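A.B. asks: First the structure, then my questions, so here it is.
The values are calculated or read from the model by the stated rules, or taken from the named source; none is laboratory data. This is a predicted model, so every value here is computed, not measured. Don't worry about glycine lacking a Cβ; one is built from the backbone with ideal geometry, like all the others, and counts go over all protein chains shown.
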Amino acid sequence: MAEDPDAIENLLQESRVFPPLPDFTAQANVADSSIYDEAEQDLEGFWARHAETFHWFKKWDKVLDWQLPFAQWFVGGTTNLSYNCLDRHVENGGGDKVAYHWVGEPGDTRSITYAELLSEVCQAANGLKELGIEKGDRVAIYSPMVLETVIAMLACARIGAPFTVVFAGFSADSLADRIHDSGAKLLLTADGSNRRGSVFPLKPQADEALKSCPTVERQLVVRRGGNEVDWDEQRDVWWHDLIPRQSDTCPAEELDAEHMLYLLYTSGTTAKPKGIKHTTGGYMVGTAMTHKWVFDVKPDDVYWCAADVGWVTGHSYIVFGPLANHTTGLMYEGTPDFPDKDRWWSIVEEYGVSILYCAPTAIRTFMKWGDEYPGSHDLSSLRLLGTVGEPINPEAWIWYRKVIGSDKTPIVDTWWQTETGMIMISPLPGVTVTKPGSATRPLPGVSADVVDKNGVSVPRGHGGYLVIKKPWPAMLRGIYGNDERYKKTYWSEYEGIYFAGDGAKRDEDGYIWVLGRVDDVMNVSGHRISTAEIESALVGHPSVAESAVVGRSDATTGQAIAAFVVLRAGVKGDENLLAQLREKVSEDIGRFAKPKSIVFTEDLPKTRSGKIMRRLLRDISEHRQLGDVTTLANAPIVAEILERSTESSGEDD
């Protein structure tokens, strides 16, 4: 077989394996591999059987309508995700069960039952109606990790108002972009959020964004930070003034299975974010079933997904999947190091957390801080650990298992995306022999593969591109308002195949190892950030003429942002300008997007057509041998950048 020059090389090998413990398998939700065969033999029948476990006002006429690349699942069926997350459990006698233990960063706490959550969701839904929100209206949510955020999401789902949650770390400009694209009619925010012992003012950011957002008629504000805020009497209303006085009865709308549930914006290879569209029925089935299989959730578990609700992980595995499965979840508002670096482990001990799902970035940070912090707490309640957001390196996986999991707890390393809506590749903890760093194999009902540049499956021991060959229930239904961009972005690389944008390898046992992005989208602390967005922010500074951004390996964040900047004539690059540029990116996008290093250069390596060769910049940033430079139009600049990178790279500590 001829070697594919574009394929991802299979370099690292991992020989350590961890079979499921017999005691775990004996009680597992999935205890044998027959579920894979069942899904393979009848894909539509497989998902239909699981869909029947949910409440439908009207059963579907057709399981799947696949008009490539557009899918509809459970066609003709009507349901409501809020009803399936709340009402059906309460009606079945499960109202007294705790839905969430919520922990505020300053130390305030609350536990809310399913019956209480249902009442407050109904009140919030009625409050939205009073503010003029109807079925089909879009609602934007720019709010911290507080229960009101979850309540608002469920209230929107209840009345059929598609919502878009914008991560509370984004800037006013980023928020405005997402409101513009979605056409949101209402914005939910908070006065401020708690972060490392101080209050980050959210409403001032929201107010700034709304200056250019004419579609927003009302702003609903949660009092959380206690900080002083400006107030527009015609537009703004306090949550505590509006919601508690509403009726706690609000019938759930009967919604088509393909009714839009939410939009979630993800970075693309252009500066314009993509509005990923998810609908109701298939998303409900996909997220709930994968949550049940992958995390082996039991009635007495306390499950903690330590993501932020503003990302897809929060949507699928803090809110909708767990609640649909009648799970007791845990939400924490703040950072892992406040008031000290053992905050997570004190929470695990206090609440008896049994399942923990977090990012490799967090795990590597805990490793850096030292074993003494988790070692000072009783973590024996933990019976399952999970990772999400980026590939995890084997040594972090091993540390996670030994130090946090007492060298016996199974680890489910999951791969999925905003676009997929649900976990796609993961071990099943009662079935799968795991390997440190591998997501192992596609879940039942998921047709993931690793292919070469021609779309042909690579043999074992080879690398290539991660693709999905058949539709799945929670898949995106398109990019909001832009079908052509949807086709071009996800379905144009290989005919009839979804290209996930990640490289991967298949080892000798057939396991999949995800290797990260193959395009210009970086993964920094679990955040997928477009290089184009950061470059746009840098060039927005009056001293900058041109910029290029790449991701480079970082022991803590997975990838760090490395920027190369060409200054305008007569401008001197100094420490003051470095600080200005980082602050500019922070203001335009968010603090998590600040470049780790900035190199000032006279020019950038470019092809004769003027395309920046980011591949060479990645080589420079990683301090490795340069790749092919034969297409360079300005070869001498590479040596200059190398020298400047060695002398000083403006590293941000």
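A.B. asks: Please give the helices (runs of 4 or more DSSP H) falling wholly within segment 359-456 in which 2 or more residues are of a type in the set (Phe, Trp, Tyr) and touching a residue at least 24 places away in the same chain (Cβ under 8 Å).
C.D. replies: It comes to 360-369, 394-399.
A.B. asks: Related question: Working carefully through the options THR269, THR249, THR290, THR279, find the one that is farther than 17 Å from ALA474 by Cβ, at pLDDT 95 or above and of a type in the set (Val, Ile, Thr).
C.D. replies: Exactly one of THR269, THR249, THR290, THR279 is farther than 17 Å from ALA474 by Cβ, at pLDDT 95 or above and of a type in the set (Val, Ile, Thr), namely THR249.
A.B. asks: While we're here: For GLN72, work out the one condition from (1) farther than 17 Å from THR149 by Cβ; (2) polar (S, T, N, Q); (3) surrounded by fewer than 19 Cβ atoms within 10 Å (Cβ to Cβ) it doesn't fulfil.
C.D. replies: With respect to (1) farther than 17 Å from THR149 by Cβ; (2) polar (S, T, N, Q); (3) surrounded by fewer than 19 Cβ atoms within 10 Å (Cβ to Cβ), GLN72 is out only on (3).
A.B. asks: If you check LYS58 against the conditions, is it modelled with pLDDT of 95 or more, in contact with a Ser or Thr (Cβ under 8 Å, 6 or more places away or on another chain), closer than 30 Å to PRO471 by Cβ and among the basic types (Lys, Arg)?
C.D. replies: yes
A.B. asks: Under 21 Å from the mean Cα position of the chain (by Cα), modelled with pLDDT of 95 or more, under 23 Å from TYR351 (Cβ atoms) and buried (at least 16 other Cβ atoms within 10 Å of the Cβ), is that true of THR149?
C.D. replies: Considered against the rule, which asks whether it is under 21 Å from the mean Cα position of the chain (by Cα), modelled with pLDDT of 95 or more, under 23 Å from TYR351 (Cβ atoms) and buried (at least 16 other Cβ atoms within 10 Å of the Cβ), THR149 comes out as yes.
A.B. asks: Okay, next question. Just a yes or no: is a residue in segment 16-23 surrounded by 15 or more Cβ atoms within 10 Å (Cβ to Cβ), in contact with a helix residue (DSSP H, G or I) (Cβ under 9 Å, 6 or more places away or on another chain) and at pLDDT 95 or above?
C.D. replies: yes
A.B. asks: Starting from segment 480-500, keep only residues that are without any contact (Cβ under 8 Å) to a residue 40 or more places away in the chain, then list their pairs with residues that are of a type outside the set (Phe, Trp, Tyr) whose Cβ atoms are within a distance under 6 Å, requiring at least 6 positions of separation or different chains.
C.D. replies: Going by the 6 Å Cβ cut-off, the qualifying pairs are PHE499/VAL467; PHE499/GLU493.
A.B. asks: Which numbered condition trips up VAL103, out of (1) closer than 30 Å to TYR494 by Cβ; (2) touching a strand residue (DSSP E or B) at 6+ places or on another chain (Cβ under 6 Å); (3) among the β-branched types (Val, Ile, Thr)?
C.D. replies: The failed condition is (1).
A.B. asks: Anything in segment 343-358 that is hydroxyl-bearing (Ser, Thr, Tyr) and in a helix (DSSP H, G or I)? List them, or say none.
C.D. replies: Within segment 343-358, SER346, TYR351 meet the criteria.
Residues are listed down the side, and each one gets a yes or a no for (1) in a helix (DSSP H, G or I); (2) at pLDDT 95 or above; (3) of a type in the set (A, V, I, L, M, F, W, C); (4) in contact with a helix residue (DSSP H, G or I) (Cβ under 9 Å, 6 or more places away or on another chain):
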residue: GLN72; (1), (2), (3), (4): no, yes, no, yes
residue: GLY94; (1), (2), (3), (4): no, yes, no, yes
residue: TYR100; (1), (2), (3), (4): no, yes, no, yes
residue: ALA115; (1), (2), (3), (4): yes, yes, yes, yes
residue: SER119; (1), (2), (3), (4): yes, yes, no, no
residue: CYS122; (1), (2), (3), (4): yes, yes, yes, yes
residue: LEU128; (1), (2), (3), (4): yes, yes, yes, yes
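A.B. asks: Of all residues in segment 299-325, how many are in contact with a strand residue (DSSP E or B) (Cβ under 6 Å, 6 or more places away or on another chain) and either of a type in the set (S, T, N, Q) or in a strand (DSSP E or B) (or both)?
C.D. replies: Within segment 299-325, residues that are in contact with a strand residue (DSSP E or B) (Cβ under 6 Å, 6 or more places away or on another chain) and either of a type in the set (S, T, N, Q) or in a strand (DSSP E or B) (or both) number 4.
A.B. asks: Here is a further query. Look at segment 576-590 and say how many of its residues are in contact (Cβ under 8 Å) with a residue 60 or more places away in the chain and over 17 Å from ALA168 (Cα atoms).
C.D. replies: So the count comes out to 2.
A.B. asks: Out of ILE423, ILE392, report the one residue that is touching a helix residue (DSSP H, G or I) at 6+ places or on another chain (Cβ under 7 Å), at pLDDT below 95 and β-branched (Val, Ile, Thr).
C.D. replies: Exactly one of ILE423, ILE392 is touching a helix residue (DSSP H, G or I) at 6+ places or on another chain (Cβ under 7 Å), at pLDDT below 95 and β-branched (Val, Ile, Thr), namely ILE392.
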